[in-house]
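Notes to accompany the following structure.
Only the coordinates and a few stated rules stand behind these numbers; no lab work does. Because the structure is a prediction, the values reported are computed rather than measured. Cβ placement follows ideal geometry from the backbone for every residue including glycine, while neighbour counts extend to all protein chains displayed.
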Amino acid sequence: MRRFAPILALMFLGFVSACRKHGSASLTVPEPNRRESAPLPPDSLRSTYDTEQDWSNPDHVIPLNYEQSQGKRLFYAYCVWCHADSTPAGPSNRANLTPNPHLINDGTALNALSDQYMEDMIALGGSALGKSAMMPPYGKSLDRDQIRALIAYMRAVAQPPYQKPARPGPSYERR
Amino acid sequence: MPSEEMGKVSKRLRAAFALSSVVFVAVLAASPVRDYFREWKRYERSYVRFAQTRPDTRALLADFRFGIDQIWAPQLNVVDRCTTCHLGISEPTLQDVSVPQPFRAHPPIPHHVQDWGCVVCHRGQGLATEVTEAHETTLAWEQPLLPIRYIQASCGACHEDDLPETPQLSRGRELLTKFNCEGCHRLQGIERPAMIGPDLKNIGTKVSREWIYKWLKEPRTILDSQGNIAVNGYEYEETPRMPKFRLGEAELRDLSAYLSTLKSRAVEPYQFEARVVAAWQKRPDLVDRGELRFRQMFCTDCHALAVVRAGTTTMIGGDIGPELTKVGSKVNPDWLVRWLRDPQSYLPQSKMPRYEWSDEDLYTVTQYIEKRLVDPDFMSSIPKLGPATPSETQNGRLLFLEKGCASCHRITGIAPQQDFGPDLSALGGKSVSELYFGEAKVPHTLIAYIQAKIADPLKVNPAARMPQFNLNPADLDAITTALLSMKGTPTNPGFASLVAPSHHASFNVAGEFGQIYERYRCYVCHRFNGYGGTLAPDLSFEGSRAQRGWLLSYLKDPLTLRPTLTARMPQFNMTAEEANTAADYLELVMQSPLVNKASVSSKDFTAEIAALGKQLYEVKYQCQACHTIGSSGGYVGPALTNVGNWLNPAWIEAWLRNPQALIPDTIEPRHEFPESEIKALTAYLLTLKQTAPVSRRAGRASLRPAYAGSALRRGSGSSTSSATGGAK
C-alpha cells in the first residue's frame, strides 16, 4: 500500500495542477464567448433589433439596439421636421430657420458635445443654453429615458462615427 | 486452502484493490474539478475579473454572490436562472456595446427584469444552466430564444392594443387585417373587418370577362413602355390586397366566365343634361377641366396614381381606396357614373363618400377618367374570350368554392367559408416538432417556417391552397412578428390576468348628423372619440377647438391649415343645411372637459397685453420657427394667419397650458408658460385675423401649383399623413 501512496498522490497532484494551468490560461481573458463549450450564438440571434440607413451613403446600414430604435421613432415624430433635409411629409423646415439647425447625423458638430449637454439642450431648449430660441424645450413633453434614447440614436447615426470618450467622467450614467 | 495460495490470492486482491482505489480516487477527484469548470461558474469567475477592470468595481460586485442566481416570480410561474451568467443585467454602467456579453446590461424598458424574468419575452429555457440548453432547441427543451428582430412579438402576447413602442408588431397586425388573413385562418385577437374583398354579386356589370381574366392571372401589375413590371407588390410599398392564386389557363377561363355572368342588378345609364353633353362635344379640351376637378376634389387622398417622373414610375396618393392609374380601361362607363353618384348602392360597405355632384363636374370627371386614366395596350396580352358558356360558368362556380374565394368575397347564394385554412391562433407558441416542413430547404425553426409559408406556400406543401402574397422583407418580418405574438390563450392564470385587451371603440351617430356622417364617410379620415381613421385631425374635441363660424365656412370650402400637406379635405359640395347641422353637432357634442369657454372673457385681452404677447411670440419663444403667419414662418405646426377667427380663446389657453392634455400625441412641446404669458400669447393670437376671406376662385388657383409640386413627395409613405395629421 505504501508503494502506491506516492503514485496516487502524484497522479492526483498532476491532475489538479494540469487543470489549474489549463483553467487559469484560458480564464485570464474576460471574453467568455471564446470558450469551446459556449459556442457563438447563431447569426439570427445576433441580428440587430432595428436598422437605419446612413443618409449620405445608402449602402451603409447602421444597426440599432432597442434604445437607439426608440430614439429613431421619437426622432421621426418630433425632430425630423427641422433636423433633416427631407421629412416623411416632404419638405423640411430646416432651410427656413436661421441659424440652420444641425442635421442629426452631423458628427463634426455634435460628436464633441457631451451627453449631458445634449440632454440639457433637448430638455431646456436653445435659449436656456445661450443658443437659438427656435429650439423649443422638450423636457416637459419627453421623459428622461426618451431624451436619452434620442441621444443614443443621434450617436449611432453620427457621421463621422461617434467615439465614446475614453474615460467617461462622473456624468449622468452614475446619477 | 494452503497458506501460500492464500498469500498469492491476497496479493492479487491487494493489487486489484489498489487499482480500484486509484480509479475511485481519480473519479472522486474529477467530479469537483468538473464541477469547478461548469460553464456558469466560469462566467461568474470571469465576471469578477471583469468587474475588477472597471472603475466602479465595488458597485458592480455589491450584489454578487457565487452560486446559481434566479429570478422567481411565483404568480407568473417564472424561474429564470439567466442572471447566473448575465450578471450585469441591471447595472446601469454596463449598457455600452463595448461591454462583453453575457455581462451587458439590459436596455431600459418599461418592465423591470427582476419582476418579469427573461423567458417571458426572450423565450428559451429559464431553468437551464448550460448555454446551449438555455438558448437553443435541444432534445429535452425545444423552445429556442426569440431572435431580437422579432422580439416585439412578446409585447403582443399580452398587449392586444397597439403600443407606440412596437411599430413592427402594429404593422404586422395591420397587414393581417389588410390581407384579411382571418377570412381563412383563425387568428388571436384580430376581428374580422367590416370591409373584406369587394362584393362580387354584381361584378359582371362593372368589368369585362377579359379584365377579370387578367386580374386573376396577375393582380395589379403595371407594365412600363418596355413591358417591364414597373409597379407590383414588390416595388410598390403598398402590396395589393389580392394575392396571386397561380391559376392555370383553363381555370382562368372558367373563373372569369363565372364571374362575368354575375349581374344581379343591371346598370341604368344616367341621363346627363343635354346642355352639358353638347358643351363637351364642342370643346373636347374640357378633359383638362375634368383633370383639374379630379385634383381639386383630392381624390388622391385615398386613391393612388402611378406617375412617371424622371424615368421612374412612382405611386402618388393614398391607399384607402384602390389605385386608379388604368381604371378607365377597366370599368364600364355607365357603371362608373353610377358609382360616383352613389357608391353604396353598389357596395354598401364602401368607404367612398357620396359626393354632391353637379352634372357638369360628374361629366367632366368621368370623361377625364375614361380618356386619361387608360392604357391602350391594357388588354393586348389577353386572349379574346367571347361569351361565357354554361359549362365554363359551372366549373367557375366550383373553382370559386375550391379556391376559397368566398372567404373574402361575397356573392349572393354562397355562404362565407370560415375556417377554410388551418387555425393559426396559437401558431406563435408551436414547437418545431409540430410543424410540417415537407421538402422545403429552410432551417427547421418556427420563424423560417412562417416566412417560407407566406413567401411561397407551395415550396413547403405542394398541395397548399394558400395563395401567394408578395411582401417586401420588412413587411414579411412584421407579419411574422404579429404571428409569433399569437401564442393562444395563456394557460397560466397569472398571465391570463395580465393580458391587456384591445379596446374596440365605436362611434355611432343617429339623427341628421348621423346621415351626414355616413354619407360623407367622415370616420374614414377623421377620428371621433377613438374611432375612425388617422389621415386627418382627430375631431373628438373639435367643438372646443374651433369657432362655429370658421367650422361652417370650412365645411363649405375647406382651405388648408398646413401648406405642406398633400392630403387635404375634399370639397364635398355640402348644402348650407348640411354644413349647419354638422357645425351644430361638432360644436355641441365634441367637447373637451379641459376647455371652459365661459371662463374666458374677450375683455381680458387688451391691446397692451396683445403687444406683450407679440413680443413673447416673436422674441422670447420664437414660435415662428414652426408656425406661419402670413407668408413667413415655419411649417411644422399649422398656419396661424387666421387663428383669431379659427380657434376658441379658451382652447388656445388650455392648449398653451398643456397641449398633450388635449391631443396626447401632438409634437408641440409643453412649455409650462406662466399664466400671465398664456394670457398675453392668447391675446396676441386672437388679433390674427384674415380680413378679406380668400375667395373660392383665388383659393383654388393657389392650390393647384402647390398640389402639383407636392404630389411628387407623396410617394414617401403613408406615415406622412399620420405623422403630421396627428401633429395638429
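Observations on the model:
- Sequence-distant residues sharing a close amide H with A:Glu52 (under 5 Å, placed H): A:Ile62, A:Leu64
- Cα-based Kirkwood hydrodynamic radius, the stretch B:480-558, one decimal, Å: 15.9 Å
- Amide H contacts of B:Ala304: B:Gly318, B:Glu323, B:Leu324, each under 5 Å away and 5 or more positions distant or on a separate chain (H built 1.01 Å from N in the peptide plane; Pro and chain starts excluded).
- Rg to Rh, two decimals, where chain B supplies the alpha carbon set and Rh follows Kirkwood: 1.09
- Taking θ as phi - 60° and the Karplus parameters 6.51, -1.76 and 1.60, the scalar couplings of the stretch B:405-415 work out to 4, 6, 5, 10, 9, 9, 9, 4, x, 10, 6 Hz in sequence order, x denoting glycine and proline.
- Gap separating the Cα centres of the stretch A:50-124 and the stretch B:365-412, nearest whole Å: 49 Å
- Crossing angle, helix B:3-36 versus chain B [Cα axis fit, 0-90 degrees, rounded to tens]: 30 degrees
- Length-normalised contact order of chain B in % [C-alpha pairs under 8 Å, at least 6 apart]: 13 percent
- Converting phi to 3J(HN,Hα) with the Karplus coefficients 6.51, -1.76 and 1.60 and the offset θ = phi - 60°, the stretch B:143-152 yields 6, x, 4, 7, x, 4, 5, 10, 5, 5 Hz in sequence order, with x at every glycine or proline.
- Average beta carbon contacts from partner chains per residue of B:164-171, 10 Å cutoff: 2
- Taking every C-alpha pair closer than 8 Å and separated by at least 6 residues, the mean separation divided by the residue count of the stretch B:203-372 gives a relative contact order of 25 percent.
- In the stretch B:440-510, Cα pairs under 8 Å separated by at least six residues give a relative contact order of 19 percent.
- Packing order of peptides B:280-286, B:663-669, highest average first: B:663-669, B:280-286 (average count of other Cβ atoms within 10 Å over each peptide's residues).
- Average beta carbon contacts from partner chains per residue of A:82-90, 10 Å cutoff: 6
- Shape summary of the stretch B:309-402, radius of gyration then Dmax from alpha carbon positions: 17.1, 49 Å.
- Semi-axes of the equivalent ellipsoid for the stretch B:203-372, computed as √(5λ) from the eigenvalues of its C-alpha gyration tensor and ordered from largest down, come to 28, 22, 15 Å.
- Per-residue mean of foreign Cβ neighbours for B:39-48 is 3 (Cβ atoms of other chains, 10 Å radius).
- Computed over the protein assembly as shown, the alpha-carbon pair-distance distribution with 20 angstrom bins reads 11, 36, 33, 13, 4, 2, 0, 0, each value a whole percent.
- Fraction of antiparallel bridges per DSSP, the protein assembly as shown only, in percent to nearest 5: 90 percent
- The protein assembly as shown, helix-only ellipticity at 222 nm - DSSP H runs n ≥ 4, -39,500 (n - 2.57), divided by all residues, nearest 500: -11500 deg cm²/dmol
- Pairwise centroid distance, computed over Cα atoms, of the stretch B:65-132 with the stretch B:24-62, Å: 18 Å
- Convex hull of the stretch A:48-174 built on C-alpha atoms - directionally averaged projected area, nm²: 8.3 nm²
- Under 5 Å between amide hydrogens, built in the peptide plane, is the criterion, and for B:Asp538 it picks out B:Arg527 among residues at least 5 positions away or on other chains.
- Ranked packing of B:428-441, B:90-103, B:25-38, B:362-375, most packed first, by mean Cβ within 10 Å: B:362-375, B:90-103, B:428-441, B:25-38
- Residue-by-residue Karplus 3J(HN,Hα) for the stretch B:437-450, coefficients 6.51, -1.76, 1.60, Hz, glycine and proline x: 8, x, 8, 4, 8, 10, x, 7, 9, 4, 5, 4, 5, 4
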